[in-house]
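Asks: Here's a structure for you.
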Amino acid sequence: MSLFGTNTGFGTGGTGVFGSTTTDSHNPMKDVEVSSPPDDSISCLAFSPPTLPGNFLIGGSWANDVRCWEVQDNGQTVPKAQQMHTGPVLDACWSDDGSKVFTASCDKTAKMWDLNSNQAMQIAQLCYDRQLGQNTEGTLFWDTRSPNPMMSLQMPERCYCADVVYPMAVVATAERGLIVYHLENQPSEFRRIDSPLKHQHRCVAIFKDKQNKPTGFALGSIEGRVAIHYINPPNPAKDNFTFKCHRSNGTNTSTPQDIYAVNAISFHPVHGTLATVGSDGRFSFWDKDARTKLKTSEQLDQPITACCFNHNGNIFAYASSYDWSKVQI
């Protein structure tokens, strides 16, 4: 089952929880559409952890808000609450116990949203250099009980994307940089890696081994390609590989081939397969162990900007919205 799309009338005839919404009628696979979607492009999605009964989905957007829906057993969605930033919300995640949501925004703040009280408090303030186009303080680590970062580790370049699966964190930077951090006890830089991809990083997702421990990551780029990289593989030349995706059927020699960005990657929590979504308006499922593509969706009329699985892997959510991939200057 997949989610996100057209407003199905939430708030019709009155003021809804989230206010007015826009409508996108294109849904070629007839997937279940989330009621009262955001008013602007969706930047992130995340399902609640298994410690929280039921399924709750959060989504952040360029409308400066983060919204929470309850996903019922029949697939229908019920808007529950929302919180606002003063700038676009770039990322959001749940606490392990499911009682809080953490959000990060272009307004240079990170907030902690207590779902029980429906109150949000600022827990981080970032310094951003507009001329450099980057956070001037490196990778910051925070204890939510303190207004100041507990430590900072310098990065060689701007951060483009990151993922955390304790005790591992991976940060992908400009100039094809990759930094792996070890978070146990005190966070420390574990390794710097030369990117296996030749073009700008777009997304990264950590995957686990059969013992449920983080063991590597998948890295997506703007050039329609994904790299599977293990941290300590027995045979790096054999175990690490890249594959093409989110491209048109043409060839570079005879028929021009359109190449699209990989906007997000999500791993299935049970089977370890992965989903990729791209600016071509499609999502695909892959088996990294067998190195095969399992399925590709029909094409939507807009790019797909975010995706996620729920905690047991029986719901797949994706967001269809504009991603600036066709901007002209």
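The values are calculated or read from the model by the stated rules, or taken from the named source; none is laboratory data. Because the structure is a prediction, the values reported are computed rather than measured. Neighbour counts run over all protein chains shown; Cβ positions are idealised from the backbone, glycine included. What goes into the accessible areas is simple: the full protein's heavy atoms, side chains included, and nothing from ligands, DNA or RNA. Shrake-Rupley method; radii C 1.70, N 1.55, O 1.52, S 1.80 Å.
Asks: Using 12 Å as the cut-off for backbone N distance, which residues of the range 162-188 belong to the label zone defined by a point 7 Å from the Cα of PHE141 along Cα→Cβ?
Replies: Answer for the range 162-188: 167-169, 181-188.
Asks: Keeping all protein chains in place, calculate the accessible area per residue for the range 202-275 (probe 1.4 angstrom), answer in Å².
Replies: In whole numbers, the range 202-275 has 51 Å² accessible per residue.
Asks: Same structure, new question: Give me the one-decimal nm value for the distance between modelled label points at THR242 and ASN148, 7 Å along each residue's Cα-to-Cβ direction.
Replies: Between THR242 and ASN148, the label points sit 4.3 nm apart.
Asks: Something else now. In debye, nearest 20, what is the charge dipole magnitude of the chain about its Cα centre with +1 on Lys and Arg Cβ and -1 on Asp and Glu Cβ, if you could check?
Replies: My answer is approximately 740 debye.
Asks: To continue, here is another question. What is the extension gain from ASP114 to ASN314, computed as 0.36 nm multiplied by their sequence separation minus the C-alpha to C-alpha distance, in nm to one decimal?
Replies: Working: separation 200, 0.36 × 200 = 72.00 nm, distance 2.66 nm.
Taking 0.36 nm per residue and subtracting the Cα distance, the gain is 69.3 nm.
Asks: Now, a different point. Starting with the highest mean, order 89-99, 62-72 by the number of other Cβ atoms within 10 Å, averaged over the residues of each peptide.
Replies: Highest-to-lowest ranking by the protection proxy: 62-72, 89-99.
Asks: Determine the gain in length on full extension of the stretch GLU157-ASP97; use 0.36 nm per residue of separation and subtract their C-alpha separation, reporting nm with one decimal.
Replies: Here the answer is 18.2 nm.
Asks: How would you order 175-181, 147-153, 262-268, 120-126 from highest to lowest mean count of nearby Cβ atoms within 10 Å?
Replies: 262-268, 175-181, 120-126, 147-153
Asks: Sticking with this structure for a sec: Taking all protein chains in place and a 1.4 Å probe, what share, in percent, of the accessible surface of the range 62-201 do carbon and sulfur account for?
Replies: Working: 3610 of 7730 Å².
Taking all protein chains in place, the range 62-201 shows 47 percent carbon and sulfur surface.
Asks: Students often check this: by mean Cβ neighbours within 10 Å, which of 106-113, 184-191 ranks highest, and how do the rest follow?
Replies: So the order, starting with the most tightly packed, is 106-113, 184-191.
Asks: Enumerate the amide H contacts of PHE241 below 5 Å, restricted to partners 5 or more residues apart or on another chain; note that Pro and chain-start residues carry no placed amide H.
Replies: ILE228
Asks: In the P(r) worked out for the range 48-191, what percent of Cα pairs fall beyond 26 Å? Write down the numbers at each step before the final one.
Replies: Numbers: 3010 of 10296 pairs.
Result: 29 percent of Cα pairs exceed 26 Å.
Asks: Which listed residue (GLY216, LEU183, THR109) has the Cα farthest towards the positive end of the charge dipole for the range 102-237, taking +1 on Lys and Arg C-beta and -1 on Asp and Glu C-beta about the Cα centre?
Replies: GLY216
Asks: Please list the three semi-axes, largest first and in whole Å, of the ellipsoid equivalent to the range 186-306, using sqrt of 5 times the eigenvalues of its alpha carbon gyration tensor.
Replies: Details: eigenvalues 132, 53, 40 Å².
After diagonalising the Cα gyration tensor, the semi-axes are 26, 16, 14 Å.
Asks: In nm, give the distance between the simple-model label positions of GLU70 and GLN125, each being 7 Å from the Cα along the Cα-to-Cβ direction.
Replies: The answer from the label model is 3.8 nm.
Asks: How large is the dipole of the range 212-308 about the Cα centre if only Lys and Arg carry +1 and Asp and Glu carry -1, each at its Cβ, rounded to the nearest 20 debye?
Replies: Result for the range 212-308 is approximately 280 debye, rounded to the nearest 20.
Asks: Then there is this: Per residue of the range 116-122, what does 6.51 cos²θ - 1.76 cosθ + 1.60 with θ = phi - 60° give for ³J(HN,Hα)? Whole Hz please, x for Gly and Pro, Karplus curve as stated.
Replies: Each residue of the range 116-122 in turn: 5, 9, 6, 10, 10, 10, 6 Hz.
Asks: Now for a different question. Taking θ as phi - 60°, what are the ³J(HN,Hα) couplings along the range 69-85 by the Karplus curve (6.51, -1.76, 1.60), each to the nearest whole Hz, with x for Gly and Pro?
Replies: Rounded to whole hertz, the list is 10, 8, 9, 7, 4, 7, x, 6, 10, 10, x, 10, 6, 8, 9, 10, 10.
Asks: State the three equivalent ellipsoid semi-axes of the chain, derived from the C-alpha gyration tensor as the square roots of 5 times its eigenvalues, in descending order and whole Å.
Replies: The answer is 28, 26, 20 Å, longest axis first.
Asks: Give the average over all directions of the projected area of the C-alpha convex hull of the range 250-327, one decimal, in nm².
Replies: On the way: hull surface 24.2 nm².
About 6.0 nm², averaged over all directions.
Asks: Quick check for you: with a 1.4 Å probe and neighbouring chains kept, what is the accessible area per residue of the range 57-127, in Å²? Walk me through the intermediate numbers first.
Replies: On the way: 3170 Å² over 71 residues.
Result: 45 Å² of accessible area for each residue.
Asks: Can you grab the distance from the C-alpha centre of the range 94-121 to the C-alpha centre of the range 165-239, Å, no decimals?
Replies: First find each Cα centre; the distance between them is then 26 Å.
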